[in-house]
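Report on one structure; see the data block that follows.
Every number here is computed from the coordinates shown, using simple stated rules; none is lab data. Remember, it's a predicted structure, so these values are computed and weren't measured experimentally. Glycine also receives a Cβ, built like all others from the backbone with ideal geometry; neighbour counts cover every protein chain displayed.
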Amino acid sequence: MTLSKDVSGSIRKYAIKNAMDYGKASAGNVLNKIIFIYPELKPEMKALSKEVATIVGEVNSLGKEAVGSEYSGYSEEFSAADAEKAKNSAKPKFILEGVSEGDFVGRASPEPSGYAHMGHAKQALLNHEFSRIYKGKVYLYFDDTNPEKCRQEYVDAIKRDFLWLGIKFDKEYYASDNVEKMYDYARQLIKSGRACVCQCDREEMKKNRMSGTECSHRRQDLGRNIDLFEDMIAGRFEEGQAVVRFNGNISSQNTVLRDPVMLRIVNLPHYRQGAKYHVWPLYDFNTPIMDSINGITDIIRSKEYELRDELTREILGALHLRVPRMHIEARLNIKGNVVQKRVIRKLIADGLVKKWDDPRLMTIMSLRRRGVQPEALRKFVLRFGMSHTDSTVSIDMLLAENKKIIEPLAKHLFFVKDPIKLTVNGIDRESVSLKLHPSGDLMREYSVGNTFYISGEDAKGLAKGNSMRLKDLMDIDILSNGTEGIIASKSAMQAKGKIVQWVSEGNHLACSVLIPGEIVDGNDNFNPNSLATVHGYVEGYAKGLEEHDIVQFERFGYCILDDKKTMQFILTSG
């Protein structure tokens, strides 16, 4: 099959674009794009696939600088196309059924029993975006009625993370400040026959719910129910001796409706209310009421809550309270990662992960520590809109968004991994000025002697007679490569070998780089090799960096300075 110059050119162009976006071009992605542009080529799919694979292979063999240089010739075209695509695709993805301008009040509703993660960020960012689109409001609601797990430190951290994301809330309120109101609503349900105080033990209750069997307390006298409830509030029961249950539909196919527990006893001090209360409302009772009385018009939540929508309507209907509009959006899963707080707690308890800010995790503090910028996270989340299809994507998609933001700002430095000593004969001192960014005028300057270090990988295979270039400094000829290091001489000829990064003796710092990977495998088992550490030398300019500064280690990747005392960096993206 002979392709026209237009088709071959398009393959090359989109391969370069794909490599620029994701670090490496994907033959499948490029092929899909070409078929979209040239549908008449579908009958020639086999031959076309072969040609795409060949061109993608050529592109992937190029260095980053070469890819960037070639991309610059297309950048104006792609920028215009991206802008047009965003203009045409944003509205359909960001429409909520039944909502009109000025008629939207959403909320982010984290439980402060752990630190905020990607799921919390998605809910908050979606609500924030809809408040902008519909000229409405968005509230921050802390669902904090679990004294055992909720902590002020989590509240503070969640607020800090949302502020970092650029989200400003119109109102902030706490479920635990409204316990007395929940008691009043529970009394109302009991008096209307829609709730009862149940004293079944946990196993009996579970067995009855599974079999669809009513418990004996469901039919007990209303006065008796009220008395028992007041005894619960007064602290006359121990934990597990009594609960308040909603009288739903015990035989419903939707098991959520099978007389769920609404309030239970927890005799532990609460981080905000102290020992004031013994009886605490659960999510299915508390949150629908809080949404209704606080004027929430629209609830956006993930698909696992879909079965609970019917219960929300039942409870609010029984209390004659307004029912907000409910919208289901898909879960966004990151391949090789977890966001469930119970799973993260276990990883920490087992000593597999040190803290919630481990750079492998998807907590907001982890992503921030890793060098992910808030705008990159916002763009990443919003690119999926209000999808109804669960998706599992690679973190590379987020890191590609991040790279676009940090690349124009990150200073370029030399880093040599697993350094090997290099002595260049025939020089005394040489001065060198190196650009801090290819597109800028800022420089860093060094006076160098005859002793350098290059990466172990670059040193491999070097033998007498080889030549190479120390980037932006000099060409050298290799004289020997032995256990004491490499001996070379300054070359009078332009080297035809590879160009390598280097650091000079006296102008370097020992450093390490953490490289986060996928923390779990395909079966959600912990991956013990998910955090690698590499050691090397970085050029002396790094002494002036501050913690959280992001730099590009040339030919290695973008790194954030995590700990200045130990000169520990974290790889942000390759």
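If you place +1 on the Cβ of every Lys and Arg and -1 on the Cβ of every Asp and Glu, how big does the dipole about the Cα centre of region 411-573 come out, in debye to the nearest 20?
580
For residue 203 paired with residue 323, estimate the spin-label separation in nm (one decimal), with each label point 7 Å from Cα along the Cα-to-Cβ line.
Distance between the two pseudo-spin positions: 3.8 nm.
What residues have an amide H closer than 5 Å to that of residue 117, excluding those fewer than 5 places away on the same chain, when H is modeled at 1.01 Å from N in the peptide plane?
364
Compute the length gained on full extension between residue 254 and residue 267: take 0.36 nm times their separation in residues and subtract their Cα-Cα distance, giving the result in nm to one decimal.
Roughly 1.5 nm would be gained on extension.
If you take the beta carbon distance between residue 391 and residue 429 as r and set R0 to 56 Å, what does 1/(1 + (r/R0)^6) give as a FRET efficiency, to the nearest 0.05?
So, using R0 = 56 Å, E works out to roughly 0.45.
Can you bin the chain into rounded, prolate or oblate? Criterion: square roots of the alpha carbon gyration tensor eigenvalues sorted a ≥ b ≥ c, rounded for a/c under 1.5, prolate for a/b above b/c, oblate for the rest.
Prolate is the answer for the chain, as a/c is 1.5 or above and a/b outweighs b/c.
To the nearest 20 debye, what is the magnitude of the charge dipole of the chain about its Cα centre, counting +1 on the Cβ of each Lys and Arg and -1 on the Cβ of each Asp and Glu?
460
In whole angstrom, note down how far apart the Cα centers of region 193-220 and region 374-395 are.
42
Express in nm, to one decimal, how much length is gained between residue 234 and residue 218 on full extension, taking 0.36 nm for each residue of separation and deducting their alpha carbon distance.
Residue separation times 0.36 nm, minus the Cα-Cα distance, leaves 3.6 nm.
Would you please name the trypsin sites (Lys or Arg not before Pro) within region 456-537 that are DSSP coil residues with at most 14 other C-beta atoms within 10 Å of their C-beta?
Passing both the DSSP loop test and the Cβ count: 460, 464, 496, 498.
Would you list which aspartates and glutamates come within 18 Å of residue 435, measuring only between C-alpha atoms, while excluding same-chain residues fewer than 8 positions from it?
Counting by Cα, and skipping residues close in sequence, residue 435 has these aspartates and glutamates nearby: 65, 407, 445, 472, 539, 549, 554.
Along the charge dipole of region 411-573, which of 461, 572, 541 sits closest to the positive end, that is, farthest toward it, with unit charges on the beta carbon of Lys, Arg, Asp and Glu (+1, +1, -1, -1)?
461
Relative to the Cα centre, what is the charge dipole magnitude of region 369-484, using +1 at the beta carbon of each Lys and Arg, -1 at the beta carbon of each Asp and Glu, and rounding to the nearest 20 debye?
It comes to approximately 420 debye.
How much FRET efficiency would the formula 1/(1 + (r/R0)^6) give for residue 113 and residue 32, where r is the Cβ-Cβ distance and R0 is 41 Å, rounded to 0.05?
Between residue 113 and residue 32 the formula returns 0.45.
Could you tell me which of the pairs 149/346; 137/159; 137/379; 64/355; 411/565 are separated by over 25 angstrom between their Cα atoms in the structure shown?
Over 25 Å apart, Cα to Cα: 64/355.
Could you pull out the pairs from 17/168; 135/303; 335/404 whose alpha carbons sit more than 24 Å apart here?
From the list (17/168; 135/303; 335/404), the Cα-Cα distance tops 24 Å for 17/168; 135/303.
Would you mind checking region 325-344 for residues with the amide N under 17 Å from a putative spin-label position 7 Å along Cα→C-beta of residue 523?
336-337
For labels at residue 447 and residue 340 in the simple 7 Å Cα→Cβ model, what's the distance in nm?
Distance between the two pseudo-spin positions: 6.2 nm.
What number comes out for the charge environment of residue 366, summing +1 per Lys or Arg and -1 per Asp or Glu over other residues with Cβ under 10 Å away?
That works out to +3.
Measuring from a point 7 Å past the Cα of residue 307 along Cα-to-C-beta, which residues in region 240-262 have an amide N at less than 11 Å?
253-258
Within region 384-427, list the residues whose amide N lies under 15 Å from a label point set 7 Å along Cα→Cβ of residue 533.
418
Local charge sum around residue 41 (other residues, Cβ-Cβ under 13 Å, Lys/Arg +1, Asp/Glu -1)?
For residues surrounding residue 41, the net value is 0.
Could you list which residues have their amide H under 5 Å from that of residue 237, counting only those 5 or more apart in sequence or on another chain, with H placed in the peptide plane?
none
Please arrange 546, 238 by how many other C-beta atoms lie within 10 Å of their C-beta, fewest to most.
546, 238
Just in region 109-194: which GluC sites (Glu not before Pro) are loop by DSSP and have at most 12 other Cβ atoms within 10 Å?
When the GluC sites (Glu not before Pro) of region 109-194 are filtered for loop state and at most 12 Cβ neighbours within 10 Å, 148 remain.
State the answer as a single residue: which of 527, 551, 502 lies farthest towards the positive end of the charge dipole of region 495-574, with beta carbon charges of +1 for Lys and Arg and -1 for Asp and Glu, about the Cα centre.
Selected residue: 502.
Tell me, 10, 447 in order of fewest to most beta-carbon neighbours within 10 Å?
Ranked by crowding around the Cβ, least crowded first: 447, 10.
Read phi for every residue in region 188-198 and hand back ³J(HN,Hα) as whole Hz from Karplus 6.51 cos²θ - 1.76 cosθ + 1.60, θ = phi - 60°, with x for Gly and Pro.
Result, ordered by residue: 4, 5, 4, 5, 8, x, 9, 8, 8, 8, 9 Hz.
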